[in-house]
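What follows is a single structure, written as structure tokens, with notes after it.
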Amino acid sequence: MSTRLQSRRNPVASVKAAVEGQDGFHHVQDIAWYSTHKISGRQLTPREIDGLNANGNMCLPGVTWQSVRTTANVALNFIHIRKCTFGKNCTIGNFAAESHCDLDGQEVPCGLYNSTIINSTLMDNCLVRDTTLVAGCIVGHGAVIVGCGNIVYRPSPEEARAGGITCGNGSFLPLAVETGGRDTPIFAEQALEDAAVIAGDRSNTEQIALYEKAVKEYVEKVKCAATIIVDDAVVLNCPRIENSFVGYSASVISCTIKNSTILSAKGKGEGERHKDRTHIGGGAYVENSIVQWGCHIDSMAIVTGSLMCTHSHADRHGKVIDSVIGPCTGVSEGEVTSSLVGPFVGFHHQALLIASFWPAGRGNIGYGANVGSNHTGKVSDQELWPGEGTFFGLATAIKFPSNFSHAPYCLIATGVTSLPQRLDMPFSLINAPGEMIAGVSPAFNEISPGWTLGSNLFMILRNESKFKKRGQAVAHRVQYESEILRPDTIELLRKARTGLFGAGGKARIFDSEGSPVYTDKEAPGIGKNYMKEKARESGISTYSRFIRFYAVRALFRAWQEDKDGDCAPHLLLTDHSPNGKCNEEIDGVTVLTDTISRRSGGQPQFKYTCQWYFYARDIFLAEFGDKFTVKDALRTYDQMNTEIGIAVLQSKQKDDKRGPRIIDGY
């Protein structure tokens, strides 16, 4: 099996489906529906005009009531229109006497009150109150705009000539390389994984060209000549909303939004009501960006030129600039610039992540981490590829270029400064050097391959639990694999183990105790670090133990998955056919994320049977031989489960024992 940069995903097909409104995509249709309602309606009757005048409404100088139309099929209920000033080309809906809008949990009558409205369409039973200017807008049914400054459509001359605004769609983001080279266009319904394919594999120029062409077609479809506030959206106390689309039931409070698309949705059931509702508030600033369903941007966060994927968040002064933030990932207090960040990344403190390509995500960025040495003193053209689950500890400093993509779930310890390097040792600990060793650069750190599996297994299993729980929020849109030991990570373990075996006996450097010490000259794959003999042996043992654990677990799961079917246990070790139950083959290790994420509904029914027949059985036979029976395997699986349980307990007890020795009343 070989590592490959290419992906089985077809991002071009995804964009085309969005253009055509297939596979659950519907933003193009939403834009078309609202755009057709911009100028419809009939003229006001004399009685309606008299009623509007009597309620303190007026027209701007030079404008007459002939410029105001209504979509009401019956007499306009002007009782709910008071003290408003109208300009040219306004269309207003009707306001039923019994209709109310939800204003911060309170029911208030719908209508138009004390606001200036120009060149806008306001649909039935919306509420516009105490707003300085609503100009060039379409306001949907039941939408609320209260206490705002300017809600406006202000295209540039170029946009006006081109037919309208794009609301952030079609912008090219300088991902990973700040100066350009992996530039990727974004659009409203884009998947993180498709953006990763385009940014990550620049060799497929034909695919990139087709993708950019398809995105351009999408952008043409979603161009609009209005700022659109969709049905049931709530816009409160915002100083400015300009050239933007605010989606269904979105909550937009005390923030500024410019040239952006805000997607939002409301669940049908009581428990689902706010699941996909997007919230932007607390002085947040959003510009030239796409914010997808269920996102939360608050407390002075800044999002510019970025794609916030579904259920991501930014808050507490966090800054997201020219980046893609994956589902269930958040940026609090720190800064992310020119990066593609995958799902489930924890970023809760003041830190920096810049010029990073991290599609697999699932990692953590500690306080004070400086993951951003992308400037050589000449130009900021360097990049970093973190691995899945990389943990950047407190005050780490990561020098570019570096590639950890083949070393998932590594932990870079507090205060470590890492040199530019390629690392191929999964689940490793990179720590500051424990001693000065003659012949080893003092800038090298010490690496312990397999450490997070062997000595910090609690962290790995806790991560699996977190991914599974948090992934439920987006499971109806994209399904993420929560398991960490799966075919692609196991293959990386096998490759790393081979490298550690090959280094044995090649050491030319020895520590103060005479023990062999290895660098990347003897052990390719350990990066710009040194490795002691004890760490090499421990890495081989740990990698072997978990490769074997995966193999026996895969056998057990395949049997459990089909134990009521036609697959007897002993047949799992023969050439017994899976009878067409597997619809895809595990065909290699993917640096990108097509093996760990799927669109909702795409999970194969016989997941573990597929893994067994197309991958794990070969691993099993290679590790245990053809004399090892199913009974032997199940006994081994039971024993290894017990050992893992003890290891997890011991991993956690280290902290529980140390605490009382240091802290009184721990």
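Which value in nm describes the separation of the simple spin-label points at K468 and E217, placed 7 Å from the Cα toward the beta carbon?
Between K468 and E217, the simple spin-label model gives 4.2 nm.
What angle do you read, to the nearest 10 degrees and between 0 and 90, between the alpha-carbon axis of helix 205-222 and the longest principal axis of the chain?
Here the helix axis deviates by roughly 30 degrees.
Assuming R0 = 51 Å, can you tell me the calculated FRET efficiency for the pair T205 and E483, based on Cβ-Cβ distance, to the nearest 0.05?
Using R0 = 51 Å, I get an efficiency of 0.90.
Placing unit charges on C-beta atoms (Lys and Arg positive, Asp and Glu negative, everything else neutral), compute the dipole magnitude of the stretch 42-159 about its Cα centre in debye, rounded to 20. Could you put the intermediate results ahead of the total?
Values: 8 positive and 10 negative charges, 89 e Å.
Dipole magnitude for the stretch 42-159 comes out near 420 debye.
Length gain on complete extension for the stretch T498 to A13, per 0.36 nm per residue less the alpha carbon to alpha carbon distance? Mind dumping the intermediate values first?
Details: separation 485, 0.36 × 485 = 174.60 nm, distance 3.86 nm.
Separation in residues times 0.36 nm, less the Cα-Cα distance, equals 170.7 nm.
Please give me, ordered by residue number, the GluC sites (Glu not before Pro) of the stretch 93-184 that lie in loop per DSSP and have at most 12 other Cβ atoms within 10 Å.
On the way: sites: E98, E107, E158, E159, E178; in loops: E98, E178.
Passing both the DSSP loop test and the Cβ count: E98.
With each run of n ≥ 4 DSSP H residues scored as -39500 (n - 2.57), what mean residue ellipticity at 222 nm is computed for the chain after dividing by its residue count and rounding to the nearest 500 deg cm²/dmol?
Working: 13 runs with 173 residues, N = 666.
Value at 222 nm, helices only: -8500 deg cm²/dmol.
In square nanometres and to one decimal, what's the mean projected area of the convex hull around the Cα atoms of the stretch 194-286? Each step should come with its number before you reach the end.
On the way: hull surface 32.1 nm².
One quarter of the hull surface, i.e. the mean projection, equals 8.0 nm².
Volume per residue, Å³, of the convex hull around the alpha-carbon atoms of the stretch 419-551?
On the way: hull volume 16.0 nm³, N = 133.
Measuring per residue, one finds 120 Å³ for the Cα hull of the stretch 419-551.
Between the DSSP loop rule and a limit of at most 14 other Cβ atoms within 10 Å, which trypsin sites (Lys or Arg not before Pro) in the stretch 255-336 are left? Show your work: numbers first, answer last.
Working: sites: K258, K266, K268, R273, K275, R277, R316, K319; in loops: K266, K268, R273, K275, R277, R316.
Qualifying residues, ordered by number: K268, R273.
When the accessible area of the chain is computed with all protein chains present and a 1.4 Å probe, what percentage of it is carbon and sulfur? Let's see the in-between values first.
Numbers: 13880 of 27210 Å².
Result for the chain: 51 percent of the exposed heavy-atom area is carbon or sulfur.
List every residue whose amide H lies under 5 Å from the amide H of A314, counting only residues 5 or more places away in sequence or on a different chain, with H placed 1.01 Å from N in the peptide plane.
Amide H neighbours of A314: H296, I297, D298, V331.
Averaging the inverse of every distinct alpha carbon separation and then flipping it gives the Kirkwood radius. What is it for the stretch 32-126, in angstrom units? Display every interim value, and only then the final one.
Values: mean 1/r = 0.0739 Å⁻¹.
Roughly 13.5 Å, rounded to one decimal.
Can you give the relative contact order of the chain as a percent, counting alpha carbon pairs under 8 Å and 6+ residues apart?
Numbers: 1685 pairs, mean separation 53.2, N = 666.
Normalised by residue count, the contact order of the chain is 8 percent.
Can you give me the accessible area per residue for the chain, using a 1.4 Å probe, in Å²?
Details: 27210 Å² over 666 residues.
Normalised by residue count, the accessible surface of the chain is 41 Å².
Report the normalised scattering of the stretch 381-469 as log10 I(q)/I(0) at q = 0.22 Å⁻¹, calculated by the Debye formula with identical scatterers on the alpha carbons.
At q = 0.22 Å⁻¹ the computed log10 ratios are -1.12.
Enter the angle in degrees (range 0 to 90, nearest 10) between the Cα long axis of helix 533-561 and the first principal axis of the Cα atoms of the chain, meaning the one along which they spread out most.
60 degrees
What residue among L573, S203, I430 has its Cα farthest toward the positive end of the dipole of the chain, where the charges are +1 on Lys, Arg and -1 on Asp, Glu, each on the Cβ?
Farthest along the dipole direction, towards plus: I430.
Just to check, using Stokes-Einstein with a Kirkwood Rh over alpha carbon pairs, what's the diffusion coefficient of the chain at 37 °C and 0.692 mPa s in µm²/s?
On the way: Rh = 27.5 Å.
After rounding, the answer is 119 µm²/s.
Suppose every K and R has +1 on its Cβ and every D and E has -1 on its Cβ; what is the size of the dipole of the chain about the Cα centre, in Debye to the nearest 20? Spell out each step's value before the answer.
Working: 68 positive and 70 negative charges, 82 e Å.
That gives a dipole near 400 debye.
Just want to confirm a number: the relative contact order over the stretch 279-332, from Cα pairs under 8 angstrom separated by 6+ residues, in percent. Present the calculation step by step, with values, prior to reporting the outcome.
Details: 157 pairs, mean separation 16.4, N = 54.
Relative contact order comes out at 30 percent.
For the pair S254 and I79, what calculated FRET efficiency results from E = 1/(1 + (r/R0)^6), where r is the Cβ-Cβ distance and R0 = 35 Å, to the nearest 0.05?
Values: r = 30 Å, r/R0 = 0.86.
That gives a FRET efficiency of 0.70.
What do you get for the angle between helix 457-471 and the principal long axis of the chain? Use alpha-carbon atoms, 0 to 90 degrees, nearest ten.
Result, in degrees: 20.
Taking +1 at the Cβ of each Lys and Arg and -1 at the Cβ of each Asp and Glu, which of W612, F549, P61 sits farthest along the dipole of the chain towards its positive end, judged by Cα position relative to the Cα centre?
Result: F549, furthest along the dipole toward the positive end.
Show me the trypsin sites (Lys or Arg not before Pro) within the stretch 437-541 that DSSP assigns to loop and that have at most 15 other Cβ atoms within 10 Å of their Cβ. Don't jump to the answer; show the numbers that get you there.
Working: sites: R462, K466, K468, K469, R470, R477, R494, K495, R497, K506, R508, K521, K528, K532, K534, R536; in loops: R477, K506, R508, K521, K528.
In loop regions of the stretch 437-541 (DSSP not H, G, I, E or B), the sparsely surrounded trypsin sites (Lys or Arg not before Pro) are K506, R508, K521.
Quick check on my link table: of K88/K221; K266/K319; K266/K468; K532/K627; K466/K528; K216/K469, which ones sit more than 29 Å apart, alpha carbon to alpha carbon? The partial results should precede the final answer.
Details: K88/K221 27 Å; K266/K319 27 Å; K266/K468 23 Å; K532/K627 36 Å; K466/K528 32 Å; K216/K469 36 Å.
The pairs that break the limit, which is 29 Å between Cα atoms, are K532/K627; K466/K528; K216/K469.
Find, to one decimal place in angstroms, the Kirkwood hydrodynamic radius of the stretch 299-417, where the mean of 1/r is taken over every pair of different Cα atoms and then inverted. Don't jump to the answer; show the numbers that get you there.
On the way: mean 1/r = 0.0733 Å⁻¹.
Computed over Cα pairs of the stretch 299-417, the Kirkwood hydrodynamic radius comes out at 13.6 Å.
Okay, which of the stretch 352-369 sit inside 13 Å, backbone N to the point 7 Å along the Cα-Cβ direction of A395?
Inside the label zone: 367-369.
The values are calculated or read from the model by the stated rules, or taken from the named source; none is laboratory data. On a predicted model such as this, the values are computed, not experimentally measured, just so you know. Here the Cβ is made from the backbone with ideal geometry for all residues, glycine too, and neighbour counts use every protein chain on show. Each accessible area value is taken on the protein alone, full model and side chains, heavy atoms only, with ligands, DNA and RNA left out. Shrake-Rupley method; radii C 1.70, N 1.55, O 1.52, S 1.80 Å.
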